[in-house]
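Engineer: Shown below is the structure under consideration.
The values are calculated or read from the model by the stated rules, or taken from the named source; none is laboratory data. Bear in mind the structure is a predicted one, so any value in this text is a computation, not a measurement. Here Cβ is always computed from backbone atoms with ideal geometry, including for glycine, and neighbour counts include all displayed protein chains.
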Amino acid sequence: MGPGPSDVSERVLKALSQQTVGHLDPSFVTLMDEIKSLLQYAFQTKNELTIPVSAPGSAGMETCFMNLVEPGDKALVCINGVFGGRMKEVASRAGAKVTALEFEWGEAVDPAKVEAALKADPDISIVAFVHAETSTGVRSDAKAICALAQQHNCLSIVDAVTSLGGIDLNVDEWGIDAIYSGTQKCLSCTPGLAPVSFSQKAVDRIKARSGKSDSWFLDLNLVMGYWGEGVKRAYHHTAPVNSLYALHEALLILHEEGLENAWQRHSQHHNALVAGLDSLGIKMLVDADIRLPELNTVAIPEGIDDAAVRSALLQRFDLEIGAGLGKFAGNAWRIGLMGNGCNKQNVMHCLSALGTVLAEQGHDCDPAAATTAAEATYA
Ligand SMILES: *Cc1c(COP(=O)(O)O)cnc(C)c1O
């Protein structure tokens, strides 16, 4: 129950262990096509260019910037946590002139400030932000920010690493131009792949580049020769065949459950967890209207030893929760309820284990009352 990787189901692990076939084997090409259409479903898009990049979420980020940015392009990067900061770093390495728009730790990106920044500099052509900031547990209004990007003739780049499969996300309806995710958060697949999707406008921009991307591996003009349409697929790199078996299975599981049901499940177990934490006297650090159900940032109670609690949870209760990151280091925990790990059993186990350890450290709380409070939300 940390900030990822999340629990991988037996079904996905079994898929992972199937015999490796050639990366151009006809049966594998069929599987690739299925992955593309299952990803289109997960992203809610008809975008042709919807594929998993053969590397973790950060490589999805780099794929977007290395393909869409030409040296000197102006990019507005919104920063309300660690991953927005990483976007800024990646954008500038790709050659962008970055305007950083910073927000307080624990707050959402403010669309009004995005609009003001776009009005102030009409040369900005890219707007980038994180939909679900895993370092703080905050959700930003992706729909509103992408609408602003469109109004100001900019392409939007959206980090959906922690949002995909966990909260409401609709690429086509929201007019998102470039989006990347990761397999190890709410998709509950093994780490190491980055689903991405690009609108026609983004693809046109990539095709019209005046110079090649500085990255050979992530150059979509080349990668499309392998993942593209038609039978004439050519070797670019050897695909991580078994990881793709696993992703295929994880996406099938999501499809079987249904996206809306998955979002609903995250919200339901989040509500139960919050009720239990409240009973333990643990405060949520993020306002309810911008909270991520899949990543719960909570204040460490006064006088409690952060590292000792996390270590006791791990050693005695086989339970991982995340430490605070950045400005939250030492004063917050991050409790994940992602994908396969988002279930009632985990909520109850976490409340009971955390309550027990905190009580031992002298915090005034009752673990049994916490699980009862959580239970009541399911009624
Ligand atoms: C985890 C995460 C990433 C990076 O993904 P990796 O798979 O660790 O490279 C990027 N953005 C956000 C919001 C994340 O939570």
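Engineer: Within the range 48-62, can you find the residues that are closer than 10 Å to Ala194 by Cβ and touching an Asp or Glu at 6+ places or on another chain (Cβ under 9 Å)? Before you say what the answer is, go through the steps one by one.
Structural biologist: Going residue by residue through the range 48-62, those that are closer than 10 Å to Ala194 by Cβ are 51-62.
If the condition is that a residue be closer than 10 Å to Ala194 by Cβ and touching an Asp or Glu at 6+ places or on another chain (Cβ under 9 Å), then Val53, Ala55, Gly57, Gly60, Met61 are the ones that fit.
Engineer: Tally the residues that are near the ligand (Cβ under 9 Å from one of its atoms), closer than 18 Å to Asp214 by Cβ and buried (at least 24 other Cβ atoms within 10 Å of the Cβ), restricting the search to the range 43-86.
Structural biologist: 2
Engineer: Would the range 286-302 turn up any residue that is closer than 26 Å to Asp364 by Cα, in the same structural domain as Asn340 (by TED's automatic domain parsing) and in contact with a Cys (Cβ under 6 Å, 6 or more places away or on another chain)?
Structural biologist: No, the range 286-302 contains no residue that is closer than 26 Å to Asp364 by Cα, in the same structural domain as Asn340 (by TED's automatic domain parsing) and in contact with a Cys (Cβ under 6 Å, 6 or more places away or on another chain).
Engineer: Can you name every residue in the range 225-282 that is among the aliphatic types (A, V, I, L, M) and under 19 Å from the mean Cα position of the chain (by Cα)?
Structural biologist: Leu244, Ala246, Leu247, Ala250, Leu251, Leu252, Ile253, Leu254, Leu259, Ala262
Engineer: Also, I was wondering about something else. Out of (1) within 16 Å of the ligand (Cβ to nearest atom); (2) farther than 13 Å from Val69 by Cα; (3) out of contact with any Phe, Trp or Tyr (no Cβ under 6 Å at 6 or more places or on another chain), the odd one out for Ser215 is which?
Structural biologist: Result: Ser215 fails condition (2) only.
Engineer: Condition first: part of a loop (DSSP other than H, G, I, E, B) and surrounded by 16 or more Cβ atoms within 10 Å (Cβ to Cβ). Now tell me which residues in the range 305-319 satisfy that.
Structural biologist: Leu319 - this is the single residue of the range 305-319 that is part of a loop (DSSP other than H, G, I, E, B) and surrounded by 16 or more Cβ atoms within 10 Å (Cβ to Cβ).
Engineer: Here's a follow-up. If a residue must be charged (D, E, K, R), surrounded by fewer than 16 Cβ atoms within 10 Å (Cβ to Cβ) and closer than 18 Å to Thr162 by Cβ, how many such residues does the range 263-286 contain?
Structural biologist: Final tally of qualifying residues: 0.
Engineer: Considering only the range 198-219, state which residues are at pLDDT 95 or above and not in a loop (DSSP other than H, G, I, E, B).
Structural biologist: Phe198, Gln200, Lys201, Ala202, Val203, Asp204, Arg205, Ile206
Engineer: Continuing with the same structure: Pairs under 6 Å by beta carbon, first residue part of a helix (DSSP H, G or I) in the range 345-363, partner polar (S, T, N, Q), six or more apart or different chains?
Structural biologist: Met348/Thr371; Leu351/Thr371; Ser352/Thr371
Engineer: Another one. Looking only at the range 9-31, which residues are among the aliphatic types (A, V, I, L, M) and within 22 Å of the chain's Cα centre (by Cα)?
Structural biologist: Filtering the range 9-31 down to residues among the aliphatic types (A, V, I, L, M) leaves 12-13, 15-16, 21, 24, 29, 31.
Across the range 9-31, the qualifying residues are Val12, Leu13, Leu16.
Engineer: Here's something else I'd like to know. Could you identify the single residue in Ser197, Ser188 that is in contact with a strand residue (DSSP E or B) (Cβ under 7 Å, 6 or more places away or on another chain) and either within 16 Å of the ligand (Cβ to nearest atom) or under 21 Å from Gln44 (Cβ atoms) (or both)? Step through it out loud before you land on a result.
Structural biologist: Values: Ser188 fails: in contact with a strand residue (DSSP E or B) (Cβ under 7 Å, 6 or more places away or on another chain).
None of the others qualify; the one that does is Ser197.
Engineer: To continue, here is another question. Assuming Arg205 fulfils every condition listed in (1) free of Cβ contacts under 8 Å to residues at least 12 places away in the same chain; (2) of a type outside the set (Val, Ile, Thr); (3) not assigned by TED's automatic domain parsing to the domain that holds Gly324 apart from one, which condition is it?
Structural biologist: (1)
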